[in-house]
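**Student:** Sending over a structure as structure tokens; questions will come in a sec.
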Amino acid sequence: MTRAEFVEFVRTAKLGVVATVDAEGHPEAALVDLAVTDHGEVLFDTKAAARKVVNIGGNQRVALVVGWADMVSVQAEGDAEVLWGAEREKYGRIHQEQVPKSRAFREDFTLVKMVPTWLRYHDARPESFSIVETPLV
């Protein structure tokens with residue numbers, strides 16, 4: 001899967017499940033609305049007090065599953081960061097354009113950017129079964 005294909009897939013799916021771990025290694029996963037830049041940076045908003053925000057502060061490595069309709073999904077792994085200041089403004093505008101109910105600029109919410117370093121495209125349909133892993137460096 002190319003980066004451009006990933007961008008298109010995320011923009012079509014619009015939802016994903018992001019997974020983080022806390023300081024003791026306990027997992028946490030949540031369904032989030034997704035936006036994506038033309039370069040493949042994934043954006044989602046979340047409550048500022050959410051566990052995933054605390055978890056990302058301690059361990060930036062996250063996993064993401066996008067799509068499941070028609071038995072096709074993409075898994076992604078990479079680093080995430082909570083955005084502040086000028087970066088929140090810049091990426092928040094992108095998020096608002098793609099997510100009509102965006103809360104990226106609300107005081108009680110924050111914006112997270114995830115930069116994928118690895119992708120796995122999984123097509124589980126019998127007529128087109130395929131699993132393709134792509135490192136993104």
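A short reminder: the numbers here are calculations on the coordinates, not readings from a lab. Keep in mind that this is a model prediction, so the values were computed, not measured. Don't worry about glycine lacking a Cβ; one is built from the backbone with ideal geometry, like all the others, and counts go over all protein chains shown.
**Student:** Scan (1) 48, 36, 27; (2) 55, 34, 24; (3) 53, 30, 24 for the value of Cα extents along the principal axes in Å calculated from this model and give just the label.
**Tutor:** (1)
**Student:** Give me Ser102, Ser130 ranked fewest to most by other Cβ atoms within 10 Å of their Cβ, as a rough exposure proxy. Working shown, then result.
**Tutor:** Values: Ser102 21, Ser130 10.
Ranking Ser102, Ser130 by Cβ neighbours within 10 Å, fewest first, gives Ser130, Ser102.
**Student:** What list of ³J(HN,Hα) values in whole Hz, one per residue of region 55-60 in order, does the Karplus curve 6.51 cos²θ - 1.76 cosθ + 1.60 (θ = phi - 60°) give from phi, with Gly and Pro shown as x?
**Tutor:** Running phi through 6.51 cos²θ - 1.76 cosθ + 1.60 with θ = phi - 60° gives 4, 5, x, x, 7, 6 Hz.
**Student:** Ignoring chymotrypsin sites (Phe, Trp or Tyr not before Pro) that are buried or in helix or strand per DSSP, and keeping those with at most 13 other beta carbon atoms within 10 Å, what is the longest stretch of the chain between them? Let's see the in-between values first.
**Tutor:** Numbers: sites that count: Trp84, Phe129.
Segment 1-83 is the longest.
**Student:** Starting with the fewest neighbours, write out Thr134, Thr117, Thr12 ranked by other beta-carbon atoms found within 10 Å of each beta-carbon. Show your work: numbers first, answer last.
**Tutor:** On the way: Thr134 16, Thr117 13, Thr12 10.
Fewest-to-most Cβ neighbours within 10 Å comes out as Thr12, Thr117, Thr134.
**Student:** Which log10 I(q)/I(0) values, to two decimals, does region 1-77 give at q = 0.16, 0.17 Å⁻¹ under the Debye formula with one point per Cα?
**Tutor:** Evaluating at q = 0.16, 0.17 Å⁻¹ gives log10 I(q)/I(0) of -0.58, -0.65.
**Student:** Please give, to one decimal in nm, the separation of the simple spin-label points placed at Ala30 and Met71, each 7 Å out from Cα toward the Cβ.
**Tutor:** Label at Ala30, label at Met71, 3.3 nm between them.
**Student:** Here is a follow-up. Loop sites only, by DSSP: take the GluC sites (Glu not before Pro) in the chain that have at most 11 other C-beta atoms within 10 Å and name the longest stretch containing none of them. Please list the in-between numbers first.
**Tutor:** Numbers: sites that count: Glu24, Glu107, Glu127.
The longest such stretch corresponds to 25-106.
**Student:** Right, another one. Between rounded, prolate and oblate, where does region 49-117 land on the alpha carbon gyration tensor, with a ≥ b ≥ c its root eigenvalues, rounded for a/c under 1.5, else prolate if a/b exceeds b/c?
**Tutor:** Details: a/c = 1.92, a/b = 1.27, b/c = 1.51.
Here region 49-117 falls in the oblate category.
**Student:** What number comes out for the charge environment of Arg3, summing +1 per Lys or Arg and -1 per Asp or Glu over other residues with Cβ under 12 Å away?
**Tutor:** For residues surrounding Arg3, the net value is -4.
**Student:** Among Ile56, Ile94, rank each residue by its count of other Cβ atoms within 10 Å, from fewest to most, as a rough exposure measure.
**Tutor:** Ile94, Ile56
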